[in-house]
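Worksheet: the structure to be examined is printed underneath.
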Amino acid sequence: MRTSFKHAFYLFVAALTFSSVTIAPVSVSAADMDLATAKKVGLIGEKSDGLVAATLPNPSSEITSLVNRTNKGRLGFYKETANKQSIPLEEVQKIAAQKIFNLAASGEFLMINGQWSQKK
């Protein structure tokens, strides 16, 4: 992996990690949730392609919107990185997913081999 890619990627992961304030009250509605909160309460999980998904069937429109916005932003960054580094998009996504999985907090949902699993 090229050094500039590593640097850009670490900045991206840091931005994802610190971009929102995590609040934990159970009374928070889906409309008020940011990504960190939705992941913390188990409504959204990380997939092995560097994207997120709702963990339960029939998610609310707010959760669906949050998933779509998150994935749109991530895919844009992944495509830009792949183009700059002249590497396949899938490789960038795989690297991103590995980093995100490693940074996931205990209890967050990760999709491994097509199944949701909580990180220990």
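Below are the figures for this structure:
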read-out	value
Within straight-line cross-link reach of LYS72, lysines at Cα separation under 27 Å, skipping those fewer than 8 residues along the same chain	LYS6, LYS39, LYS40, LYS47, LYS84, LYS94, LYS99, LYS119
Nitroxide proxy distance, nm - points 7 Å out along Cα→Cβ at LYS120 and GLN98	2.2
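Bear in mind these aren't lab numbers, they're just calculated from the coordinates by the rules spelled out. Remember, predicted model here, so these are calculated numbers, not experimental data. Here the Cβ is made from the backbone with ideal geometry for all residues, glycine too, and neighbour counts use every protein chain on show.
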